[in-house]
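The values are calculated or read from the model by the stated rules, or taken from the named source; none is laboratory data. From a predicted model like this one, the values you see are computed outputs, not experimental measurements. Don't worry about glycine lacking a Cβ; one is built from the backbone with ideal geometry, like all the others, and counts go over all protein chains shown. All accessible areas refer to the heavy atoms of the entire protein, side chains included, with ligands and DNA or RNA removed. Shrake-Rupley method; radii C 1.70, N 1.55, O 1.52, S 1.80 Å.
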Amino acid sequence: MLKHLYIKNFALIDELNIDFSAGFSVITGETGAGKSIILGAIGLLLGQRADSKAVKTGAQKCTIEACFDISRYNLAEWFEENELDTEENGECIIRRELTATGKSRGFINDTPVTVQQMKELGEMLVDIHSQHQNLLLQKENFQLNVLDIIAHNDELLAEYRSVFSEYKSRGLELEQMKSAFDESREKEDYMRFQLSELSEARLKAGEQEELENEQEAATHTEEIKSALYDADNMLSGENCALEIIRQAANRVNAVAPFYNKIQGVADRLESSLIELKDIAGDIASESENIDFNPERLAQINERLDLIYSLQRKHHKDSVEALLEEQERLQELIDGIDNSDELIRSKEAEVAKLLDKAQKIAAKLSSARQKAVKQVEKEICQRLVSLGMPSTEFKVEIKQTEELGASGQDKVAFLFSANKGMALRPVAQVASGGEIARLMLSLKALISTAVKLPTIIFDEIDTGVSGKIAEKMADIMKDMGNSGRQVISITHLPQIAASGTYHYKVEKHDTREQTTTVMRQLNKEERITEIAQMLSGADITEAALSNAKALLH
């Protein structure tokens, strides 16, 4: 239930602080006073799209905040799933901030949230019914949704949609599999040739680098041999480095006993001499092993030519990439070889899901059929009370050949306002006033099945007046007295007088600006407001008397 609304710097509103109560409340005001601004602000809290133009001229930011009492609506699971805190007193504060530059931020209990989260929570807290929603009567999915609400099909429908979604997904996979296999079969011979070529090459990871290094060495054999020969001579030949270092070590060792500071240098010289001997041995050994082998070089060149050729053919830059391509081709060939079995397996999976979806769809159809009588009976009763005694209202359900997103049913609301008139789809025969009364009846019916905390009717009374308006007011008041909050924005005095609480929206003009304000009316102010709605700007004694009578 909406307890409090705060608006600052939104459109024509400087600052607004207003409290709301349970039951049936009405909001009145002249056309253009700004009632739609109030609704627009609430809409932003419910996740509607923000427009920076809504920020009041001259302001940097607008803020809209509402406090809801959610203690009786079992929303703990949603808050837990969205990792949001709940207040111990059962209150929930939703805030939306919009800057003049177009940036928007949303908060639930002071925690930043996404617009989608605000929308999800908003749909569980408030239902705003505006005039354009009457067009929903023309929508088949709305009519089907009414049946599902009355039939309490929410869990069954969720199960069906989950299975149906999986069925569609697996069916798409099946079609893609068939298409891929058909395409592969067209290229099968060429793919088998490519796979054979790669398999016969017997490629090994890392071999290209090894061969290229060996090729490089083979093409520089003489240069390498000469360098190693010279190095060997420098280390081990006449007047070689080893002999000179050995002599140096001997000289230092000779004085080390009586000059101990030099002992560390002597040790290092000995270590260096040992290391150089090892190096000299390695160089000599490598020098002996170096030998030009034209046959080996030819083998290396031939192997590398094969690798380079395969890389060009397959547009790859390494042996590892060629091995991946070989694996991919192998998988495609295996798939072709096993395609019939794979397709049969996938077809069986799709058929199983289809059968499961059809069984759930049948349960949905049965539940909807049972709900039809209740919907027809209650809507007809409500329409009779709303001044349509000759009304006929029927719910027609037809089975579709194919499964759809909501099952296998096609629903149509058929309507006849007068005796002797054939039943036809609502959108084809109902007038504006009849549509308004029908939608109110449907909302009242739905509200008995869905415990929505707050329902706001925005001029649902369009096209009606007099006694009918009183009956519509009675329905809304009954809804408000049945554990929910109902707010009606109205131009009709009969409905305004039925509200337990009465709010007025009006414009105030100054030299500098025009502002919209909203306030709750006391008893005397209500009499004046309703009298003005009855007689216009010039309030007569008769209008005042009539207003008092309506209020009592």
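For the chain, the per residue solvent-accessible surface stands at 56 Å², with DNA, RNA and ligands left out and a 1.4 Å probe. The modelled label-to-label distance for the pair Arg511/Arg161, using points 7 Å beyond Cα in the direction of Cβ, is 5.8 nm. The stretch between Lys316 and Ala542, if pulled fully straight at 0.36 nm per residue, gains 71.9 nm over its current Cα-Cα span. Of all GluC sites (Glu not before Pro) in segment 198-290, which ones are in loop regions per DSSP and have a Cβ with at most 10 other Cβ atoms within 10 Å? Hits after loop and neighbour filter: Glu238.
Amide hydrogen proximity for Gly29: with H placed 1.01 Å from N in the peptide plane, the residues at 5 or more positions away or on another chain lying under 5 Å are Val505.
Apolar share of the accessible surface for the chain: 48 percent from carbon plus sulfur atoms, 1.4 Å probe.
In this structure, the residue pairs whose Cα-Cα separation is over 30 Å, taken from Lys168/Lys316; Lys168/Lys313; Lys363/Lys394; Lys8/Lys523; Lys225/Lys316; Lys8/Lys548, are Lys168/Lys316; Lys168/Lys313; Lys225/Lys316; Lys8/Lys548. Computed from backbone phi, the HN-Hα couplings of segment 271-284 come to 5, 4, 5, 4, 4, 5, 4, 4, 4, 4, x, 5, 4, 4 Hz, rounded to whole numbers (Karplus: 6.51 cos²θ - 1.76 cosθ + 1.60, θ = phi - 60°; Gly and Pro given as x). For the chain, adding -39500 (n - 2.57) for each run of n ≥ 4 DSSP H residues and dividing by the number of residues yields -18500 deg cm²/dmol at 222 nm.
Placing a label point 7 Å from the Cα of Arg251 along the Cα-to-Cβ direction, the residues of segment 230-244 whose backbone N falls under 14 Å from that point are 243-244.
Taking 7 Å steps out from each Cα toward its Cβ at Glu402 and Lys187 produces label points 3.0 nm apart. Using 1/(1 + (r/R0)^6) with R0 = 30 angstrom and r between the beta carbons of Arg424 and Asp474, what's the FRET efficiency to the nearest 0.05? Working from the Cβ atoms, E equals 0.55.
Amide H to amide H, with H built 1.01 Å from N, Ile13 comes under 5 Å of Thr516, counting only residues 5 or more places away or on other chains. Which residues in segment 515-546 place their backbone N less than 20 Å from a point set 7 Å from the Cα of His552 along the Cα-to-Cβ direction? Counting only backbone N, you get 522-535, 540-546. Using the Cβ-Cβ distance between Gln358 and Asp85 with R0 = 35 Å, the FRET efficiency computed as 1/(1 + (r/R0)^6) comes to roughly 0.20. What FRET efficiency, computed as 1/(1 + (r/R0)^6) with R0 = 60 Å and r the Cβ-Cβ distance, is obtained for Asp230 and Ser366, rounded to the nearest 0.05? E(calc), rounded to 0.05, equals 0.05. Computed from Cα positions, the angle between helix 115-125 and the longest principal axis of the chain comes to roughly 30 degrees. Glu15 label point, 7 Å along Cα→Cβ, cut-off 20 Å on backbone N: hits in segment 506-526? Under cut-off, by backbone N: 506-520. Projected label points at Gln263 and Lys377, each 7 Å from Cα along the beta carbon direction, are separated by 11.5 nanometres. The string of couplings for segment 376-392 from the Karplus curve (6.51, -1.76, 1.60, θ = phi - 60°) is 4, 5, 5, 5, 4, 4, 5, 5, 4, 5, 9, x, 10, x, 9, 5, 10 Hz, one whole number per residue in order, with x for Gly and Pro.
One decimal place: the segment Ser482-Thr528 gains 13.6 nm when fully extended, by the rule 0.36 nm per residue minus the C-alpha distance.
Distance between the C-alpha centres of segment 176-230 and segment 303-361: 22 Å, rounded to the whole angstrom. Normalised by the number of residues in the chain, the average gap of Cα pairs under 8 Å and 6 or more apart makes the relative contact order 23 percent.
Evaluating 6.51 cos²θ - 1.76 cosθ + 1.60 at θ = phi - 60° for every residue in segment 25-30, the Karplus couplings come out as 10, 10, 10, 10, x, 5 Hz, glycine and proline recorded as x.
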